[in-house]
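This report concerns only the one structure given below.
The values are calculated or read from the model by the stated rules, or taken from the named source; none is laboratory data. No experiment lies behind these values; they were computed from the predicted model shown. Ideal geometry is used to build each Cβ from the backbone, glycine not excepted, and the neighbour counts take in all protein chains shown. Accessible surface areas use protein heavy atoms only, side chains included; no ligands, DNA or RNA. Shrake-Rupley method; radii C 1.70, N 1.55, O 1.52, S 1.80 Å.
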Amino acid sequence: MSIEPYSTPNMIEQDLHEILDAVSFTDKIIFGRTNYSKEANSYAEHRRFYNERAAEVKAFCKEHGIACHIKAKTITEE
């Protein structure tokens, strides 16, 4: 299951836990940020936002025995 591009809150409000619960049947989750978007990058805390969401996806996958791949450049230094 691919959850990408995952938008920042200034673009659309989403509940990541609700999405993850809905796809918990899968054997692999790929998660990635919204790339090449001025709107996503204009969100003041976009680096922290993606770092935190990626950590949530990793924890969910570990808890449910699901393979996890976080796309390159989703996790960044703040």
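Some notes on this structure:
- Pairs are defined by a Cβ separation below 7 Å, a sequence spacing of at least 6 or placement on different chains, a first member in the range 23-41 that is open to solvent by 50 Å² or more (accessible area, probe 1.4 Å), and a second member that is of a type in the set (V, I, T) and not in a helix (DSSP H, G or I); the pairs so defined are D27/I66; K28/I66.
- A40 meets all of the listed conditions (1) of a type in the set (A, V, I, L, M, F, W, C); (2) at pLDDT below 95; (3) in a loop (DSSP other than H, G, I, E, B) but one, namely (3).
- Qualifying position, being farther than 19 Å from P9 by Cα, modelled with pLDDT of 95 or more and either surrounded by 13 or more Cβ atoms within 10 Å (Cβ to Cβ) or not aromatic (F, W, Y) (or both), among A67, A54: A67
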